[in-house]
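This report refers to the structure that appears directly beneath it.
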Amino acid sequence: MSRNLVIVESPAKAGTIQKYLGEEYTVKPSFGHIRDLQDKKLSVDVEHGFKPEYVVPADKKKVVKELKDLAGKADLVWLASDEDREGEAISWHLYETLGLKPEKTRRIVFHEITKPAILHAIENPRDIDMNLVDAQQARRVLDRLVGFELSPVLWRKVRRGLSAGRVQSVALRLIVDREKEIMAFSREPFYRVGAAFHPEGTPEGTVVNATLDRKFRDRDEALAFLQDSADARFSVDSVEKKEGSRTPSAPFTTSTLQQEASRKLRFSVSQTMRIAQSLYERGLITYMRTDSVNLSSLAVSSAKEFINDNFGPEYAHPRQYRTSSKGAQEAHEAIRPTYISNTSIEGSAQEKSLYNLIWKRTVASQMQDARVLRTDVKIASDRREEKFSLQATEVVFDGFLKLYMESSDDQTADEEQILPEIRKGNMMTALGMDAECKFTAAPPRYSEATLVKKLEELGIGRPSTYAPTISVLTTERGYVMKGNKDGEKVQVTDLHLKDGRISEKRRTEVCGAEKGRLFPQEVGMIVSNYLTDKFSDIMDYNFTASVEADFDKIAEGELGWDAQVSSFYGPFHRKVTDVLEDGTYSKVEKELGVSPEGLKVTARFGQYGPYVQKGEGENRQYARLGQGQLIETLTLEEALKLFELPRTVGVIDGVEVKATKGRFGPYLRYGQKNISLPKNADPLSISLEECREAIEAEAKKSSRGPIAEWGDLQVLEGRYGPYIKCAGENYRIPAGKDAASLTEEECRQIVASGSPTGRKSRRK
């Protein structure tokens, strides 16, 4: 038996560290927290200083017993959980639950899982930092109090089965408020004029493109401009050249990694964190939950050496970045490769992509600024005051751009062009001019990346909480749907001037198309509106940010956690009591009009969600709203279409196929079978061929055996997706996990850290 027991969170992390420490150490995982507040109870003693009442869940008792036995036989126990607040709390829970003694317990932390870092940590142990533990406890207790007090309010006043959360509900409000902005937005047409010019004195065929510095409100204004331009003379009014520079972005923090991986790799926030966790546990990157942009001196020097060897000394520019995030915590190091020399890794395609992104960002941050020459040209007309503008940017020295350029959330489509030599006074021959009809754009809905950015800007939550928050809103509660919008097709008329003649061209303009955006569902709208109305403080962005600032003070030892919780809970609890006792209830109802047969049509929100009702009395009819449809924007025409369900699509193998939707989404009726359809499927438009594909997929699913099997452990395909079965119990596979690629170790970790789903779902 080893004299040293090292306890970490995960099996993957344990395996990596075991290789570095050798036989003198036994490294075991705790599978995350080994105790927590009870699932079905408040578990907070509000009468006695808000003391949490922790328990060891049933699925963790085996783990606790094993660790306790090993700890009893070891000379020293090393608590090596992560270095953030959550990790500190895990170590404290281990210390308390295992009954460890101070003289035989060591707390160690490391920012990366490399042999030097592990050995350095062993040589420099410390005590458990109770300030960090208290900050975590404050967050856990406060979130539990808010959830347990607000959720019953929603159950009683809105609908059963709803939930609220301190950060979750505020994030939901952001999405809902943006949707209201879009609803209030009125689209307006305008005309944008562009022209192609041939500069005097340049070779034949030389063309530069310019855009007018004014937009016209309507066709008549645009037409008047083109008419005036038909016989106008154009010349260069001014030429301005300005040298500038572009500076590389700082190395990744948790938030910026989530945003950039979403933009460049199309990863969800939860997907990014899962892959980053794997890279960290394999010792390939530093700890991936951090607000810091700082790099170690070793990392800076390693990057400089790599840049000198591969790009040349003129490209190297060692620098440190300063963390500007309000209330930044766990400020150790930015996310970077553990070894700069490792330009590539072994692993899945997703792991390789994310590692490459982190590597490039880190190295680029230590490279020289790019130097650019920007040229701005103004072209004037002898008939009008408006001027055409054209720009060109020439990269004089590429610097960091040789390796990496950061993406942006709202990329412009400005065309970069190489300009010939143009001087003030040069004549410009207009080769053609177009006045294109466009429309003003509504504020864009949030993507996961832009939501994360906004939450960080407002100081709501922490980067480590963004992924679970988004997952709760989308996957667990269905308050928000991630999806696409096709946009509305509008017929427009463009104007074209060429050779002194103006012509018209009809085309289709698509307005409002969006991809990968967060759309609030009706239930999300109602929950947000009700909570904002009744609990304005809790839903206030600044108030939520101030609570986060208090957590930071607790972590720094400036504020007692129980004092913070007490100052919050008193007014909050009184407000909850007042709301429960008032006689008001959330009621959403919208009269849409009258059907062709003379029946009143009304949209309402009921026990099972939003629906429309046609008629009154015994002969009234009901239809559910489709996914993405909102009562607030529903039209009579859209409502009447819903009554066309179930819709007979056709016949397959002599059996009639009907498409409809129910409480759990769209599905097919095929003989005696009900076959689920994807959530975004539309029963009103689904084709017979699409139905055939769904039916065949269901047949294959039911006929095949387990996806994977290891003794008492199976990965199975169920009606609502794949799941894990172990010892007669079913376990949900976390979102973002590919069932087919799960290993036995990963499955057993899910079982150890999760709760069986079967009995829980039957109790609801």
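The values are calculated or read from the model by the stated rules, or taken from the named source; none is laboratory data. Computed from a predicted model, the values in this text were never measured in an experiment. Cβ sites come from the backbone with ideal geometry, for glycine too, and all protein chains shown count toward neighbours.
Is at least one residue of segment 391-408 among the polar types (S, T, N, Q), surrounded by 15 or more Cβ atoms within 10 Å (Cβ to Cβ), at pLDDT 95 or above and over 30 Å from Asp738 (Cβ atoms)? No, every residue in segment 391-408 fails to be among the polar types (S, T, N, Q), surrounded by 15 or more Cβ atoms within 10 Å (Cβ to Cβ), at pLDDT 95 or above and over 30 Å from Asp738 (Cβ atoms). Once segment 619-639 is narrowed to residues that are modelled with pLDDT of 85 or more and farther than 26 Å from Phe185 by Cβ, the residue that is nearest to the chain's Cα centre (by Cα) is Arg624. Only one of the numbered conditions (1) surrounded by fewer than 22 Cβ atoms within 10 Å (Cβ to Cβ); (2) under 18 Å from Thr290 (Cβ atoms) is violated by Lys115, and that is (2). Going through Glu632, Glu597 one at a time, which residue ends up being in contact with an Asp or Glu (Cβ under 9 Å, 6 or more places away or on another chain) and among the acidic types (Asp, Glu)? Going through Glu632, Glu597 in turn, the sole match is Glu632. Determine, yes or no, whether Leu495 is crowded, with 17+ Cβ neighbours inside 10 Å and more than 30 Å from Met273 (Cα to Cα). Yes. Just one of the listed residues (Lys505, Lys553) is farther than 30 Å from Leu625 by Cβ and either in the same structural domain as Thr469 (by TED's automatic domain parsing) or assigned to a helix (DSSP H, G or I) (or both), and it is Lys553. Among residues of segment 336-357 that are more than 22 Å from Ser741 (Cα to Cα) and buried (at least 17 other Cβ atoms within 10 Å of the Cβ), those with a Cβ under 6 angstrom from a residue that is at pLDDT below 95 and among the acidic types (Asp, Glu), sequence gap 6+ or separate chain, pair up as Thr338/Glu112. Residues in segment 280-298 that are crowded, with 23+ Cβ neighbours inside 10 Å and part of a helix (DSSP H, G or I): Tyr280 alone.
Considering the conditions (1) surrounded by fewer than 17 Cβ atoms within 10 Å (Cβ to Cβ); (2) among the small types (Gly, Ala, Ser); (3) in contact with a helix residue (DSSP H, G or I) (Cβ under 7 Å, 6 or more places away or on another chain); (4) over 30 Å from Tyr530 (Cα atoms), Ala555 is excluded by exactly one of them, (1). Scanning segment 448-478 for residues that are buried (at least 21 other Cβ atoms within 10 Å of the Cβ) and small (Gly, Ala, Ser) yields Ala449, Gly461, Ala467. From the residues in segment 358-376 that are of a type in the set (Gly, Ala, Ser) and out of contact with any Gly (no Cβ under 6 Å at 6 or more places or on another chain), which one is surrounded by the most Cβ atoms within 10 Å (Cβ to Cβ)? Looking at the filtered set, the residue picked out is Ser365. Annotation: of all residues in segment 635-670 being touching a residue at least 12 places away in the same chain (Cβ under 8 Å) and in a loop (DSSP other than H, G, I, E, B), the one that is surrounded by the most Cβ atoms within 10 Å (Cβ to Cβ) is Leu645.
The numbered conditions (1) under 26 Å from Tyr585 (Cβ atoms); (2) not in a helix (DSSP H, G or I) are all true for Lys489 except (1). For segment 697-716, the count of residues that are among the basic types (Lys, Arg), surrounded by fewer than 16 Cβ atoms within 10 Å (Cβ to Cβ), under 23 Å from Gln627 (Cβ atoms) and in contact with a strand residue (DSSP E or B) (Cβ under 9 Å, 6 or more places away or on another chain) is nonzero. Of all residues in segment 737-749, those that are more than 19 Å from Thr272 (Cβ to Cβ) have Cβ atoms under 7 Å from Cβ atoms of residues that are part of a helix (DSSP H, G or I), 6 or more apart or on another chain, in Glu745/Pro11; Gln749/Pro11. Remark: pairs (first residue in segment 606-634, on the phi > 0 side of the Ramachandran plot and in contact (Cβ under 8 Å) with a residue 12 or more places away in the chain; second residue part of a loop (DSSP other than H, G, I, E, B) and surrounded by 12 or more Cβ atoms within 10 Å (Cβ to Cβ); Cβ separation under 7 Å; 6+ apart in sequence or on different chains) = Gly615/Leu599.
With respect to the conditions (1) within 33 Å of the chain's Cα centre (by Cα); (2) on the phi > 0 side of the Ramachandran plot, Gly15 falls short on a single one, namely (2). For segment 63-95, a residue qualifies if it is free of Cβ contacts under 8 Å to residues at least 24 places away in the same chain and among the charged types (D, E, K, R), and the qualifying residues are Lys65, Asp69. Each residue in segment 365-388 was checked for being part of a strand (DSSP E or B) and either farther than 14 Å from Met428 by Cβ or small (Gly, Ala, Ser) (or both), and 10 of them qualify. Of the helices (runs of 4 or more DSSP H) contained entirely in segment 1-101, those carrying at least 2 residues that are surrounded by 19 or more Cβ atoms within 10 Å (Cβ to Cβ) and out of contact with any helix residue (DSSP H, G or I) (no Cβ under 8 Å at 6 or more places or on another chain) fall at 85-97.
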